[in-house]
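Structure first, then comments.
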Amino acid sequence: MSNLIKLNGETASIVENEWTCVNLPASQAEQRVQAGKVVLFKLTGEKSVTDEQVATTVIPATGKVIVPLSVFIARKNALVSRINAGEIGVWLDTHEVLEHLNEHQADLNALPIIAVHVERFADGRIFSLGTLLRTRYGFKNELRAFGDILKDQLFFLKRSGFTSFLIRADRSAADAITSLHDFSQPYQGAVDESQPVFKRYNRTA
Amino acid sequence: MYQYDKLDQQIVDERVAQYRDQTRRYLAGELSEDEFRPLRLQNGLYIQRYAPMLRIAVPYGMLSSRQLHKLGDIAKNYDKDYGHFSTRQNLQLNWPKLEDVPDILAELATVEMHAIQTSGNCIRNITTDQFAGIAPDEVIDPRAMAEVMRQWSTFHPEFALLPRKFKIAVSGTKQDRAVVQAHDIGMEFYTDTTGKLAIKVWVGGGLGRTPILGSVIREHLEWQHALTYCEAIIRVYNLHGRRDNIYKARVKILVKALGIEEFKKQVEAEWAHLKDAPNTITEAELARVGKHFEDMPYEQLPAHNASFDAAVASNPVFAAWVKRCVHAHKTAGYRAVTLSLKPHGKAPGDATSAQMHAVADLAETYSFGELRVSHEQNLILADVKLSDLFSVWEKARAAGLATPNIGLLTDIICCPGGDFCSLANAKSIPIAEAIQMQFDNLDYLHDIGDIELNISGCMNACGHHHVGHIGILGVDKDSAEFYQVSIGGKQGNDASIGAVIGPSFAADEMPSVIQKLIDVYIKERTDEERFIDTVRRLGIAPFKAHVYADKNSAKDEVAA
């Protein structure tokens, strides 16, 4: 049974996952836990990726694959034909910076899918990343959340522009799917419904 | 006050259903302890020392009689017949059952109340001045904007899981009573030179482990942009605030690390994209919400009332209450009344169910059916006629709500502390009670005059100890409860963070330590000076010397 929920307009359904997610090989190098002051808040406590990891990442030769941002940036030239064929997506971690993606891929809509990985449920950066991808970078294709994704984030993820949700393997997507509609009329404008409630309805009536 | 329409009601009802399902999944073992924690916290449910604690939102401190009656009923039916009003103008229940919480929320929803975002790493209850709308020094009634912001912040999807809690305070008076500088965002409304409503925005204030007063990020923001500007600030924070160490995760740490100039640059760059986005507030919406906060139907009354004046002249006990608990009102013939939740020897901020019903009745009879909660943990009747003050006093007195100590030493701000809270290092309520009993003499209290004493049981600073003229902080020393004392803190426009006077004290020393601080003040003060003024003029040295004199001589003897 698939654990992938996909939105098509307002309709959500559980569908087969046609994308293979490529992971970085485990790093032998020591994790960098402290960074310079300027980037401290972006990187503290997070892993950085080594050149060796990037070089040794195994990308399946055929089929639709989602590659890590660092691998995409470093090995993009080798992937050009597959990008043109619509077989390559990119995933990033919540501490990674969208500018880096945009620098190396000016037209994000050449990517059929961008995925954001959230390591811990409580990490709400994913909501800002989704919002920025939709509103700042004009990304129009599938935007997927994966990792520690549970029922209780879905409503917020949907409102932040995500259109597919890979529910954590030990939980039921069928149970989670109902949460996409926990609230029928949200107050504030966001990605999915840009107008706040006071512009959608005449509340003085 | 604001009345829900069907959209507001729907959101609250849907929240009850959502939380009921979350509780069910937790009790069925489908959600682990760790997974349930952020969910219950976003709903104000803590697991405490003995029982869960449920924090019920009182948006910007406004309550109706009907709501307070309901809170009284809930405290009786689901708790031990009392509740605790907190420094965030909320109500906390100390003994509800986890499995009862969905039912409590359903009860609350029937009176347009909820517990949404009263805890957790999200935008919390927005607080303001307890005299909003009636204060003579008010420039702008901040409540309509506070309500617009409440709605905007409720389930804001982008800011559902921030690095840490996020507190916003708004104020519209010359004399700040909302402690805007001690908040993640503080908004001071004013009328600009063109006569339009504008906002001075502060960012990066906060108490807690690292007390910092906010910095001004914008001197002038047009009111329409309040929401989008907050979004710019909180987006920068959400993306770049630290998430590796909860003690360094508040926005104040990010502002400090980047410097206000760099932080401002990033916020302004973000806002360049957000300015005029759909969340920009419209005239129509502000007007719609503002209608709920229009003036009460006041009677045309003379500025004086003979029977009131006579009662003050002939009854010194009533006069003492009037002096401390009755406050100026912008409308002739009206006053605001503070009902003290600080009777000597009782937990500050606690109210029994019977008291809640009594206050609700008082509000119904004498104050247009509304009341407010102050961040000093008292209840306010905002619109009482001069001619009714004596009756209000008699009834309040009968309910134990007329201690004439507002603004005095025993009007202590105090967190629940180690008696209830699992975060606390030390108890705070018994310290407050011991100090109240040490100073249980109203003449003496009046002679000491205006002073603020704030107690927190740990560095999370729920009792705002940093901004107390005297601040007391519970600390853990070799697993024993000790208390660190600071002086010189202050809330208001000239806010300051208190300075620690020296090594901490055992619980039983605390009443005499406070006594010694007061003794120095009484000896050194000039006629005009309040305690805080004397501390600011002299510095902490003479206070420190007197408080530690015995300790030092004892040490000298041992050394000799």
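Taking the criterion of being outside any loop (DSSP other than H, G, I, E, B) and either among the aromatic types (F, W, Y) or at the interface with chain B (Cβ under 8 Å from one of its Cβ atoms) (or both), the only residue of segment A:133-143 that qualifies is A:T135. Within segment B:4-50, the set of residues being more than 10 Å from every other protein chain (Cβ to nearest Cβ), surrounded by 15 or more Cβ atoms within 10 Å (Cβ to Cβ), of a type in the set (S, T, N, Q) and part of a helix (DSSP H, G or I) comprises B:T23 only. For segment B:323-347, the set of residues classified as assigned to a helix (DSSP H, G or I) and either surrounded by fewer than 21 Cβ atoms within 10 Å (Cβ to Cβ) or among the basic types (K, R) (or both) consists of B:K323, B:R324, listed by residue number. If you check B:D443, B:D494, B:D519, which single one turns out to be assigned to a loop (DSSP other than H, G, I, E, B) and farther than 29 Å from B:Q48 by Cα? B:D494 is the lone residue from the list that is assigned to a loop (DSSP other than H, G, I, E, B) and farther than 29 Å from B:Q48 by Cα.
In this entry, A:I73 is excluded by the filter for residues that are assigned to a helix (DSSP H, G or I) and either within 14 Å of chain B (Cβ to nearest Cβ) or not β-branched (V, I, T) (or both). Note on segment A:153-184: among residues that are among the aliphatic types (A, V, I, L, M) and assigned to a loop (DSSP other than H, G, I, E, B), the one that is farthest from the other protein chains (Cβ to nearest Cβ) is A:A169.
Scanning segment B:395-426 for residues that are within 14 Å of B:V359 (Cβ to Cβ) and surrounded by fewer than 22 Cβ atoms within 10 Å (Cβ to Cβ) turns up B:K395, B:R397, B:A398, B:A399, B:G400.
Which of the residues that make up segment B:143-173 are part of a loop (DSSP other than H, G, I, E, B) and more than 10 Å from every other protein chain (Cβ to nearest Cβ)? Even if it seems obvious, please write down each step before you answer.
Step one: filter segment B:143-173 for residues part of a loop (DSSP other than H, G, I, E, B), giving B:154-156, B:160-165, B:167, B:172.
Answer for segment B:143-173, where residues must be part of a loop (DSSP other than H, G, I, E, B) and more than 10 Å from every other protein chain (Cβ to nearest Cβ): B:R164, B:K165, B:K167, B:G172.
For segment B:74-84, does any single residue satisfy the condition of being crowded, with 21+ Cβ neighbours inside 10 Å, closer than 21 Å to A:S184 by Cβ, of a type in the set (V, I, T) and modelled with pLDDT of 95 or more? Within segment B:74-84, not a single residue is crowded, with 21+ Cβ neighbours inside 10 Å, closer than 21 Å to A:S184 by Cβ, of a type in the set (V, I, T) and modelled with pLDDT of 95 or more. Counting only helices (runs of 4 or more DSSP H) that sit wholly inside segment B:204-282, those with at least 1 residues that are under 25 Å from the mean Cα position of the chain (by Cα) are B:226-240, B:251-258.
Looking at segment B:459-480 only, could you name the residues that are surrounded by fewer than 24 Cβ atoms within 10 Å (Cβ to Cβ) and either touching a strand residue (DSSP E or B) at 6+ places or on another chain (Cβ under 6 Å) or outside any strand (DSSP E or B) (or both)?
The initial filter retains those residues of segment B:459-480 that are surrounded by fewer than 24 Cβ atoms within 10 Å (Cβ to Cβ), namely B:459-461, B:475-480.
Correct list: B:M459, B:N460, B:A461, B:V475, B:D478, B:S479.
Of the listed requirements (1) in contact (Cβ under 8 Å) with a residue 12 or more places away in the chain; (2) more than 28 Å from B:I234 (Cβ to Cβ), B:G29 misses just one: (1). Residue count for segment B:216-264, restricted to those that are without any contact (Cβ under 8 Å) to a residue 12 or more places away in the chain and away from every other protein chain (no Cβ under 11 Å): 1. Is there a residue in segment B:55-62 that is within 14 Å of chain A (Cβ to nearest Cβ), surrounded by 23 or more Cβ atoms within 10 Å (Cβ to Cβ) and not in a helix (DSSP H, G or I)? No, there is no match, as no residue in segment B:55-62 is within 14 Å of chain A (Cβ to nearest Cβ), surrounded by 23 or more Cβ atoms within 10 Å (Cβ to Cβ) and not in a helix (DSSP H, G or I).
Going by what's in this entry, would B:D419 be described as under 14 Å from B:V337 (Cβ atoms), among the charged types (D, E, K, R) and touching a helix residue (DSSP H, G or I) at 6+ places or on another chain (Cβ under 8 Å)? Quick ask: steps written out before the conclusion?
Working: under 14 Å from B:V337 (Cβ atoms): no; among the charged types (D, E, K, R): yes; touching a helix residue (DSSP H, G or I) at 6+ places or on another chain (Cβ under 8 Å): yes.
No; evaluated as a whole, the condition is false for this residue.
Yes/no per residue for (1) of a type in the set (S, T, Y); (2) at pLDDT below 95; (3) in a loop (DSSP other than H, G, I, E, B); (4) over 29 Å from A:K158 (Cα atoms):
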| position | (1), (2), (3), (4) |
| --- | --- |
| A:E30 | no, yes, yes, yes |
| A:V33 | no, yes, yes, yes |
| A:L40 | no, yes, no, yes |
| A:I66 | no, no, no, no |
| A:G86 | no, no, yes, no |
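Screening B:V317 on (1) hydrophobic (A, V, I, L, M, F, W, C); (2) in a helix (DSSP H, G or I); (3) at the interface with chain A (Cβ under 9 Å from one of its Cβ atoms) shows it passes everything except condition (3).
Only one of the listed residues (B:G418, B:G468, B:G407) is closer than 21 Å to B:I497 by Cα and assigned by TED's automatic domain parsing to the domain that holds B:A506. That residue is B:G468.
The values are calculated or read from the model by the stated rules, or taken from the named source; none is laboratory data. What you are looking at is a predicted structure, and each value in this text was computed from that prediction instead of being measured. Positions of Cβ are generated from backbone atoms using ideal geometry, with glycine treated the same way; all protein chains shown enter the neighbour counts.
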